[in-house]
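**Student:** This is the structure I want to talk about, given as structure tokens.
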Amino acid sequence: MSERRVLGLDEAGRGSVLGPLVVGGFCCDDQRVAELTAAGARDSKLLSPARRHAVYERLATLGERRSIALAPRTIDRYVARGGLNELELESFAQLVRDLRPDRVYVDACDPDAERFGYRLASLAGGAVEVISRHKADRDLPIVGAASIVAKVDRDAALAALRASVPEPLGTGYPSDPTTRACVERHARDGGRVPPWMRRSWETVQRVKRERPARTLDAYPR
């Protein structure tokens, strides 16, 4: 019996205000899926950075890792028309087309997981079986592997950003005081939002709304 290719899909950085959203995939022959648990594949949020990286390296010996990094400006363009889920769907579909699996398991970001799976299958061409579930990264090792790919590649992108920007960025998430201070510096008083910041995020828009009104004395004479 011929081996069937199985693909897991997940994302990292969806809620971040800084840097890319990364969609990740991990594809392997179905006969190797049982090895993923032994390799440590699970929800990336449950692993330390060092452990994530170790499992990421191990995954390269078991199958194929793939990711797509979506820049803040691309995210802003989709959010402007209410389509962040659409952006994820299109990116996941691209990975399906590139990797050509027989079956796909995906962690659904839509409240209706079945609808998300149906739409993904349609965008990918309709010839692939898609199983869409909530918390799939926690419950399915193949999706846990994808979550590790997405998270490690997202962390690498954020590390590169930190190396290129001469100011503290924090984790990139709005709950981080260092990240909020970064947003304040750039978005307050009409400041130009840099290309590595998601201007559509409420964290940025709130600061822009709250910027102090400028008086006549503030203008050059």
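None of the figures in this text is laboratory data; all of them are computed from the coordinates on show. In this text, all values refer to a predicted model and were calculated from it rather than measured experimentally. Neighbour counts run over all protein chains shown; Cβ positions are idealised from the backbone, glycine included.
**Student:** Taking the Cα centre as origin and putting +1 on Lys and Arg beta-carbons and -1 on Asp and Glu beta-carbons, what dipole magnitude results for the chain, to the nearest 20 debye?
**Tutor:** Once rounded to the nearest 20, the dipole reads 900 debye.
**Student:** Let me ask something additional. From the phi of every residue in the stretch 145-159, what ³J(HN,Hα) in whole Hz does the Karplus formula 6.51 cos²θ - 1.76 cosθ + 1.60 yield, where θ is phi - 60° and glycine or proline is x?
**Tutor:** With the stated coefficients, the stretch 145-159 comes to 4, 5, 5, 5, 4, 4, 5, 5, 5, 5, 4, 5, 5, 5, 5 Hz.
**Student:** Going by average Cβ density within 10 Å per residue, which order do the peptides 143-150, 71-78 take, highest to lowest?
**Tutor:** In decreasing order of mean packing, 143-150, 71-78 become 143-150, 71-78.
**Student:** Rounded, prolate or oblate, given the Cα gyration tensor of the stretch 5-164, with a/c below 1.5 counting as rounded?
**Tutor:** Note, shape of the stretch 5-164 comes out oblate.
**Student:** If a/c stays under 1.5 just call it rounded; otherwise compare a/b with b/c (prolate if a/b is bigger, oblate if not). Do that for the stretch 1-80, with a ≥ b ≥ c from the square roots of the Cα gyration tensor eigenvalues.
**Tutor:** Cα axes put the stretch 1-80 in the oblate bin.
**Student:** Here is a follow-up. What is the packing order of peptides 119-128, 162-171, 101-110, taking the mean over residues of other C-beta atoms within 10 Å and listing the highest first?
**Tutor:** Result, highest mean first: 101-110, 119-128, 162-171.
**Student:** What are the residues whose amide H is under 5 Å from the amide H of Ile131, where those residues sit 5 or more places off or on another chain and H is modelled from the backbone?
**Tutor:** Result for Ile131 returns Val104, Tyr105, Val106.
**Student:** Also, quick follow-up: Specify whether the C-alpha gyration tensor of the stretch 45-120 places it in the rounded, prolate or oblate class, a ≥ b ≥ c being the square roots of the eigenvalues: rounded for a/c under 1.5, otherwise prolate if a/b is larger than b/c and oblate if not.
**Tutor:** Prolate.
**Student:** Taking θ = phi - 60°, what integer Hz values does the Karplus form 6.51 cos²θ - 1.76 cosθ + 1.60 yield along the stretch 43-54, in sequence order, with x for Gly and Pro?
**Tutor:** After applying 6.51 cos²θ - 1.76 cosθ + 1.60, I find 3, 4, 5, 8, 10, 6, x, 5, 5, 4, 5, 5 Hz.
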